[in-house]
1. Per residue, how big is the convex hull around the C-alpha atoms of the stretch 234-331? Give it to me in cubic angstrom, could you?
2. Give me the percent of accessible area attributable to carbon and sulfur for the stretch 154-268, probe 1.4 angstrom.
Amino acid sequence: MTTPLASTRTTLLGLAAIVAIFIWTMPGLAILVGYAVLLAYALSPLVGALEHIRGPRGTQLPRHIAAATIVLALVGLVAWLLALAIPRLATELVHFASIAPATLGHLAETLRLYGVSHGLSSWLDPLVESARTNASHWLGNLGALLPTVAGKLFGSIGELLGVALLPLLAFYLLADSAEVRASVFRFVPVAAQPDLARMGTSVDHAIRGWVRGQAIVCLVTGAAVGVALSLQHYPAAMLLGLLTGVAELIPYLGFMVAFVALALAGLSVDPPTALTGVLTYVVINWTIGTFITPRVMGRFLKMHPFVVTFSVLAGAQLLGPAGALLALPGAAVVQSLIGQFTGPVKAAATKRA
């Protein structure tokens with residue numbers, strides 16, 4: 001085996017061991033760092049565009065000022081959206097809880113009359129009564145259930161301190177990326193630094209590819225759902241469109257969150273409205289997932305759907321919902337690193353042949 005190939009393999013295995021130990025021993029910190037890296041990559045084009053805007057005297061905006069401006073703008077936007085969304089969600093939940101008993105009673109009576117008219121009462125009535133009893137029990141425990149779910153959600157993110165540090169870490173990566181890279185290189189032997197630089201370039205391309213592909217899918221989904229719901233005069237249509245776009249970041253789990261949010265918003269009006277909104281989202285999500293996502297993500301990541309599904313399940317098993325979000329970019333990084341290793345192997349084999 002050639003010396004460069006052996007060096008590449010040693011460097012790759014060493015980095016893989018360090019990353020594995022880091023994730024295993026400090027999963028919360030690993031999630032925070034992963035989020036910060038993805039956020040920095042997502043904001044990097046905006047920072048670059050702002051940085052290259054020339055002032056009246058032809059001077060460019062310093063990188064750290066451009067990064068701070070973009071990060072602070074994002075924090076302000078998120079705070080504004082939360083201030084807008086949380087009261088609206090709370091109001092709709094209260095309204096839903098107030099009208100749910102009457103709505104469920106009307107639905108149960110409709111089903112009972114349908115069973116009587118079609119001779120299905122013998123088996124439909126027990127089902128309706130069981131559903132009515134279970135629904136009443138669920139509504140009675142809704143007030144106690146929501147705080148518990150909210151507590152688990154925020155506890156799994158890494159507490160509010162981790163959320164507060166996320167934009168700060170992203171700012172450091174955006175403003176001082178060269179210094180961060182130089183600091184990492186100081187922990188690596190000089191002989192292995194060329195391999196690390198080559199791997200870093202490959203990882204950079206992989207993460208940028210995921211960010212670009214995911215951004216396209218999120219924008220298309222959010223815009224399509226928002227416009228479709230607006231045409232139906234659905235409550236909070238554009239806010240729900242934004243939610244469905246963001247939900248695309250988390251495979252499978254994001255769909256469930258968006259589905260529930262759409263159902264709750266629609267039920268604040270009436271069940272047919274909820275059914276229409278949910279079906280609209282399901283059709284749009286299926287269409288985009290069938291015809292757009294494979295083309296976009298295949299172009300940028302070149303991953304088979306089996307690999308995508310396995311990666312998401314593995315990430316969720318390892319780190320929970322946060323791992324599901326980080327699974328695909330993580331798989332893209334692993335794929336790029338393996339490509340860096342197998343490339344020299346194939347080249348050496350071809351040369352010997």
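The values are calculated or read from the model by the stated rules, or taken from the named source; none is laboratory data. Keep in mind it's a predicted model, so treat the numbers as computed, not measured. These accessible areas exclude ligands, DNA and RNA; they are computed on the full protein's heavy atoms, side chains included. Shrake-Rupley method; radii C 1.70, N 1.55, O 1.52, S 1.80 Å.
1. On the way: hull volume 9.2 nm³, N = 98.
Output value, Cα hull per residue: 94 Å³.
2. Working: 4560 of 6000 Å².
Roughly 76 percent, rounded to a whole number.
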